[in-house]
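Undergrad: Sharing a structure below in structure tokens format, with a few things to ask.
The values are calculated or read from the model by the stated rules, or taken from the named source; none is laboratory data. Nothing here was measured: the structure is a model prediction, and the numbers come from that model. Cβ coordinates were reconstructed from backbone atoms using ideal geometry, including for glycine residues, and neighbour counts include every protein chain displayed. These accessible areas exclude ligands, DNA and RNA; they are computed on the full protein's heavy atoms, side chains included. Shrake-Rupley method; radii C 1.70, N 1.55, O 1.52, S 1.80 Å.
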Amino acid sequence: YISIHNLIQGSKMLRESNYTIRSLENSFSLVKDTETGQRGYLLTGNQRFLEPYNDAKNKIEQQLDELEAELSNSPTQAKNFVKLRESINGRITVLDENLDYKKNNKEITSEQLLSGKKYMDEIRRTVALMQKEEEALLKSRTDTMNSFAAFTPWLIIFSSLLSIGITLFFFQKVAKDFNEK
């Protein structure tokens, strides 16, 4: 029972790690979508380019909340997440400011663009660090699950043989007692 329970728990933990890695990728993808939409609008002035920007911007907060809940069990990842959220919020703020400048026909300076790039670079580094951390955890969980998976069949065979042995032993005792009576 314990071995099978550990296998089930290990499988669940593997799914959680894979889900966290995908959530990190989705969060980063949403930030890239906002950046792409903003870039298209800045280049063309066409409002249609703001659709991916607005869609992604609306989804980012929910995605980050879900990711935060997933990472709440790991102090290291929770610390990294705080840094990630701050960087994403900073990047969104810079994107919003750039859009406001464009809408008000003001010139966007290279310093403004570079400040956004700094945030994006920080987001990239933080996501890569968090994914690396999660992949290490995934490897550890996979190794643990594989050891339980290798151990479980032997445990089942041993338990089966032991139960057959106990059954035969008590069958002999009962048969002997029956013959004596």
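A quick yes/no check of all residues on (1) more than 31 Å from the chain's Cα centre (by Cα); (2) open to solvent by 80 Å² or more (accessible area, probe 1.4 Å):
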| position | (1), (2) |
| --- | --- |
| 111 | yes, yes |
| 114 | no, yes |
| 118 | no, yes |
| 122 | no, no |
| 141 | no, no |
| 147 | no, no |
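Undergrad: Sticking with this one: I'm trying to understand the selection: among the residues of the range 75-109, which are more than 27 Å from the chain's Cα centre (by Cα) and either modelled with pLDDT of 90 or more or under 14 Å from residue 53 (Cα atoms) (or both)?
TA: Selection gives 96, 97, 98, 99, 100.
Undergrad: Further question on the same structure: I need the full set of residues from the range 127-138 which are touching a helix residue (DSSP H, G or I) at 6+ places or on another chain (Cβ under 9 Å) and open to solvent by 90 Å² or more (accessible area, probe 1.4 Å), in order please.
TA: The answer is 135, and nothing else.
Undergrad: Assuming residue 20 fulfils every condition listed in (1) farther than 30 Å from residue 152 by Cβ; (2) at pLDDT 85 or above; (3) in contact with an Asp or Glu (Cβ under 9 Å, 6 or more places away or on another chain); (4) not aliphatic (A, V, I, L, M) apart from one, which condition is it?
TA: (1)
Undergrad: Residues 43, 14, 99, 50: which one is farther than 21 Å from residue 125 by Cβ, among the aliphatic types (A, V, I, L, M) and open to solvent by 90 Å² or more (accessible area, probe 1.4 Å)?
TA: Among 43, 14, 99, 50, only 43 is farther than 21 Å from residue 125 by Cβ, among the aliphatic types (A, V, I, L, M) and open to solvent by 90 Å² or more (accessible area, probe 1.4 Å).
Conditions (1) free of Cβ contacts under 8 Å to residues at least 12 places away in the same chain; (2) of a type outside the set (Gly, Ala, Ser); (3) touching a Phe, Trp or Tyr at 6+ places or on another chain (Cβ under 6 Å), marked per residue:
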site	(1), (2), (3)
119	no, yes, no
143	yes, yes, no
148	no, yes, no
163	yes, no, no
169	yes, yes, no
179	yes, yes, no
